[in-house]
Amino acid sequence: MDPLLHRLAQGVAIALGTLAVLACTQSSGPVSPWMMTTASTLSSDVGSDSAGGSDSSDAASGTPSESSQGPGATSGMQDTENDATTDGDCEVPDPSPAWQLEHLEDVVAALSGESPIDGVMLSDRATADRRALVATWLIEQYGVLGIAAESHDYGSGTNVVATVPATMPSQGVLVLGAHYDSVAGAPGANDNATGVAVVTAAARYLDTVPCRTHDVLLVAFDQEEVGLLGSAAFAAKLVADRTPVISVHTIDQLGWDADGDRFIEIERPDAGLFEFYDDVLMEVPAVGGLTVTDTGFTDHVSFRAAGFPAVGLTEEYVSGDTTPHYHLPSDTYDTVEFGFTTAASSMVNRAFATAIASP
């Protein structure tokens, strides 16, 4: 079978077998919460791999594109974790669900060593053993939620790929990702546990959308800090698999907002991808605004180089309101401004829901 047809058929099969929502309805039963793995005995984590920085910026600003390729049709959906389905409608659920803040805090805490993963308090996510522990944990947590996830082993590292499939014949694929590794010696709470937290929250949220026109791949990239290796490998896989990608969105650092303006930078947006977010800002008042920059050297670069429209999201890196704990041992859980992270998460939720919702 042609790979594209096989993928579309697989998405429909998953929808039929697990969500039963081709008629735009959802189960009223609750979805299991995202829960961290705990252990009564905590162990220290020592040792490191070589790692290097990679989040530097070109520091040039740009202007939004006026043409739009991004998919989008505003409609309504519902959150099965909090609300009952209303008469089979396809209502858009609240992009700031009740579980959101706790979810973001829990993921950042686990990845940055504030709380344990299988008894291990992570000092960083730079060694092969620690990264493998995180990858396994992410797959397990998606399993708790009933979201299909698998590893993408590319040799030197492992990406984690979760899928929220279309509930009807798919019109294409959207990709949302963030790197989960850190540099040696840095807990990486902001860089980039915050990005992973927003991506996993988006997976959980989008899985509550009852009528979905597109597949969404939620990816945790490995080895960003040593040369964008994980995202480059995943971009190559998308090309090899002939995946019908519409756009790729990556997140790197969404946890610092010292001036409290809640501005988010939109990095190198290809045509339509500034509007992808700007068009929903009125529905997410917690976000102060968007600034377009020419920032590179993070995961969105890998996909643009492979021919996919791409965009990156981050805190005000170019604008100067960015973490002073970048790549330092002080990049810890208690430095993250979760109000800002939550606002960014709500914007991502709303933008993707708008893009995949059936009218």
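Would segment 307-359 count as rounded, prolate or oblate if I go by the C-alpha gyration tensor, calling it rounded below 1.5 in a/c and otherwise prolate when a/b exceeds b/c, oblate otherwise? Taking the square roots of the gyration eigenvalues as a ≥ b ≥ c, segment 307-359 is prolate.
Figure the gain on full extension for GLU102 and SER330 (residue separation times 0.36 nm, minus the Cα-Cα span) and round it to one decimal in nm.
Details: separation 228, 0.36 × 228 = 82.08 nm, distance 2.23 nm.
Computed gain between GLU102 and SER330 is 79.8 nm.
With the simple model of a label 7 Å out from the Cα in the direction of the Cβ, VAL239 to ALA305 spans 1.0 nm. Spin-label pair ALA128-ASP261: with each label point 7 Å from Cα along the Cα-Cβ axis, the two points sit 4.5 nm from one another. Going by the alpha-carbon gyration tensor, a ≥ b ≥ c the square roots of its eigenvalues, is segment 135-179 rounded (a/c under 1.5) or, if a/c is not under 1.5, prolate (a/b greater than b/c) versus oblate? Oblate is the answer for segment 135-179, as a/c is 1.5 or above yet b/c matches or exceeds a/b. Amide hydrogen proximity for LEU313: with H placed 1.01 Å from N in the peptide plane, the residues at 5 or more positions away or on another chain lying under 5 Å are THR250, ILE251, ASP252, GLU267.
Applying 0.36 nm per residue to the separation of ASP153 and GLU140 and subtracting their alpha-carbon distance, the gain on full extension is 3.0 nm.
Amide H contacts of HIS152: ASN159, VAL160, VAL161, each under 5 Å away and 5 or more positions distant or on a separate chain (H built 1.01 Å from N in the peptide plane; Pro and chain starts excluded).
Classified by the C-alpha gyration tensor, segment 234-303 has a prolate form. Its axis ratio a/c, with a ≥ b ≥ c, is 1.5 or above, and a/b is larger than b/c.
On full extension of the chain, what length is gained from MET121 through ASP294, given 0.36 nm per residue of separation minus the C-alpha to C-alpha distance? The partial results should precede the final answer.
Working: separation 173, 0.36 × 173 = 62.28 nm, distance 3.60 nm.
Fully extending the segment from MET121 to ASP294 adds 58.7 nm.
For segment 270-284, the Karplus equation 6.51 cos²θ - 1.76 cosθ + 1.60, evaluated at θ = phi - 60°, returns couplings of 6, 3, x, 8, 5, 5, 3, 9, 4, 5, 10, 4, 4, 8, 10 Hz by residue, with Gly and Pro reported as x. Taking the DSSP beta bridges with both ends in segment 219-359, the antiparallel portion is around 30 percent.
None of the figures in this text is laboratory data; all of them are computed from the coordinates on show. Given the structure is predicted, the values throughout are model-derived calculations rather than measurements. Note that we place each Cβ from the backbone using ideal geometry, even for glycine, and neighbour counts take in every protein chain shown.
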